[in-house]
Amino acid sequence: MLIYKIFRSDEWAALQENGASDGATIDIADGYVHFSTAEQAAETAAKHFAGVEGLTLLACDADAMGDDLKWEVSRGGAQFPHLYRQLRITDVVWSRPLPFDGQAHRFPKELE
């Protein structure tokens, strides 16, 4: 199963350069890397990245993360995937730009 992480351009660049990342500021504060399912990703973008340009959507293999990935209740009582270790570049299956069209972020066809 693929799960999704939205990164700002500097966060994505740091992951590529370093090969691993503790995530965004909120991830570091919470002690885990926040992910979304395909069904949750657009709401995550609207809630936490409204109007932000230059984002990248990362698709990661949840099964390959093993026991470090926990499904926990979060927004609206839904189960969200949380990674309790660094995100590694090897976790990333693919990445796509997540452009903002002035009203919302445009997700790739894979998530529509």
- prompt: For segment 2-100, treating each Cα as an identical point scatterer without solvent, what Debye log10 I(q)/I(0) comes out at q = 0.22 1/Å?
  reply: -1.26
query: Can you pull out the GluC sites (Glu not before Pro) in segment 1-82 that DSSP calls coil and that have at most 14 other Cβ atoms within 10 Å?
result: Glu53
Asp30-Asp101 pseudo-label distance in nm [points 7 Å out on the Cα-to-Cβ vector]: 2.7
- request: Treating only the Cβ atoms of Lys and Arg (+1) and Asp and Glu (-1) as charged, compute the dipole magnitude of segment 2-100 about its Cα centre; round to the nearest 20 debye.
  value: 180
- prompt: For the chain, with the dipole built from +1 on Lys and Arg beta-carbon atoms and -1 on Asp and Glu ones, taken about the Cα centre, which of Phe35, His48, Val93 lies farthest toward the positive end?
  reply: His48
statement: Residue-normalised 222 nm signal for the chain, counting each DSSP H run of n ≥ 4 as -39,500 (n - 2.57), nearest 500 deg cm²/dmol, is -7000 deg cm²/dmol
message: Defining a contact as two alpha carbons under 8 Å apart and six or more residues distant in sequence, what relative contact order in percent does the chain show?
response: 34
- request: Take the Cα of Leu2, step 7 Å along the line toward its Cβ, and report every residue of segment 44-74 whose backbone nitrogen sits under 13 Å from that point.
  value: 57-62
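Values in this text are rule-based calculations from the coordinates and carry no lab data. Keep in mind that this is a model prediction, so the values were computed, not measured. Reconstructed Cβ throughout: ideal geometry from the backbone, glycine too, with neighbour counts over all protein chains shown.
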